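The values are calculated or read from the model by the stated rules, or taken from the named source; none is laboratory data. Not measured: the values here are computed from a predicted model. Cβ: placed from backbone, ideal geometry, glycine included. Neighbour counts: every protein chain shown.
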Amino acid sequence: MSEPAIQRFDSRAAWTPSDYPTKDSFAIDLEPHHITVLEAEVERFKASGGGHEDLSQSSFPLTKIADDIAAWRAEVHDGRGMILLRGVPVEQIDLDDLRLMYLGLGTHFGRPVSQSNMGELVGEVVNIGDKDPKERAYRSSRELMLHTDRADHIAMLCIRPASEGGLSGYASALTIHNIMLSERPDLLAHLYHGFHHHRFGEQPPGEPLVTRERIPIFSVTDGVPSVIFIRGYINLAVEEGHVTLSEGELEALNYMEEVSNRPDVRLDFPMAPGDLLFVNNCLILHTRTAFEDSDKPELRRYLLRLWLRQDDRPAAEGVIVHKGKAGIVKRDGKGTYYKGDAAA
C-alpha cells in the first residue's frame with residue numbers, strides 16, 4: 001500500500017513576515033479590566049491555599065474576561081498560531097504573584113507540564129550557561145536554531161530583555177513545508193519518516209538516552225498537522241554515535257533549516273517588558289539570537305516560560321512519545337546540564 005500523497009497546507013498558520021510587518025499587526029493591548037480581573041483571581045486563589053500544581057482552568061476561572069480569552073485561545077489553537085498580549089504590569093506585581101497570574105492565565109490555553117528534570121511549571125529563562133552547548137538552550141545566551149519545544153503550546157513573558165541582542169524569532173512550519181513541497185518535494189518524505197532524538201539526559205527512568213521511535217518532523221493525524229524540529233537533538237544522537245544519517249536525510253534537514261531562515265519566512269522582533277507571547281508549538285518554530293547580559297544581576301535578561309499541553313489535539317504516536325503526557329519527568333538531583341552518556 002502506497003503512502004498518501006503529501007499535501008500543501010492552506011491555513012492562516014501558513015503565514016510569512018509580510019503578513020505581520022510590525023508587532024502591532026499581531027499584538028493585543030491588555031485593558032485595565034483584564035489586569036483587575038487577573039489580580040483579583042490571584043488574591044482569591046492565594047486565599048484558597050493552593051500551589052502551582054493546583055492551578056487549572058476550573059480553579060482559576062477568569063469568568064469576567066472569558067470571552068476575550070476564548071478569542072485569544074482560538075487565535076493560537078486554530079488561527080495564525082501566535083498572539084502577543086502587551087501590558088502585563090511586570091514591574092508593579094510581586095514576582096510570586098506574577099508567576100501565579102501567568103500560570104493561571106496559561107491554563108486557559110492548555111495544561112501546564114514540566115519543562116525539565118527539575119519539574120518546574122513556570123520556567124525561568126535566564127543565562128547561567130553562557131555559550132556552553134551542554135546547558136539547556138533556555139538557560140544559555142548562545143545563538144539558537146529555529147526549533148520547537150516538547151509541548152503543544154508555549155508562552156513567554158518578558159520581564160527584562162537583554163542589554164544587547166536576544167531578538168525573538170518565529171517561522172511558520174506550514175509555510176516551510178509548503179515551500180519545500182514546491183521546491184524539493186523529494187526531501188519531504190525524509191522529514192515525515194522522522195529521526196531518532198537524543199534526550200539530553202531528560203528521558204524517563206528506564207528509557208534509553210535516544211528514542212527508540214523515529215520522531216516525525218511533519219505528521220498529520222485526523223487532518224491535524226504537527227511539527228517537531230529540534231535539530232540539535234538529532235545532531236547529538238549522531239555525534240555520540242547512536243545513529244547515522246543517510247545523505248538524503250542530511251540534505252532534507254539542511255534544506256529545511258535553510259528555508260526556515262530565509263528573510264521572507266523568518267520573523268524577528270524584540271520583546272519588551274510586559275510582552276506575553278502565546279505560540280502554537282505544533283505549527284510555529286521559534287528561536288532567539290545570541291545576546292549579551294548586563295554585569296548587574298538586577299538588569300540581566302529574565303523571562304518566564306510555560307509549556308502547555310492540549311489534551312484533545314490529535315497527534316501521531318511519535319509526537320506523543322517525544323512530548324510526554326506530563327512533559328519532562330521530574331528527577332531528583334538532576335538539573336538542566338547534560339554531562340554525557342555515562343551520567344544520563
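Worth a mention:
- Each residue in region 271-305 was checked for being among the hydrophobic types (A, V, I, L, M, F, W, C), assigned to a loop (DSSP other than H, G, I, E, B) and surrounded by fewer than 23 Cβ atoms within 10 Å (Cβ to Cβ), and 2 of them qualify.
- Residue in region 175-183 that is among the hydroxyl-bearing types (Ser, Thr, Tyr) and within 20 Å of ARG266 (Cα to Cα) present: yes
- Among the residues making up region 135-192, a single one is under 14 Å from ARG288 (Cβ atoms), at pLDDT 95 or above and polar (S, T, N, Q): THR148.
- Residue, farthest from the chain's Cα centre (by Cα), within region 216-270, restricted to residues that are in a loop (DSSP other than H, G, I, E, B) and charged (D, E, K, R): GLU240
- Pairs with Cβ under 6 Å, 6+ apart, first in region 102-126 and under 17 Å from GLY201 (Cβ atoms), second of a type in the set (Phe, Trp, Tyr): GLN115/TRP307
- So ASP311, is it acidic (Asp, Glu), in a loop (DSSP other than H, G, I, E, B) and modelled with pLDDT under 90: no
- If you go through region 158-172 and keep only what is part of a strand (DSSP E or B) and either touching a Ser or Thr at 6+ places or on another chain (Cβ under 6 Å) or not hydrophobic (A, V, I, L, M, F, W, C) (or both), you end up with ARG160, GLU164, GLY165, SER168, GLY169, TYR170, ALA171, SER172.
- Scanning region 37-87 for residues that are outside any helix (DSSP H, G or I), of a type outside the set (A, V, I, L, M, F, W, C) and touching a Lys or Arg at 6+ places or on another chain (Cβ under 9 Å) gives SER56, GLN57, GLY79, ARG80, GLY81, ARG86.
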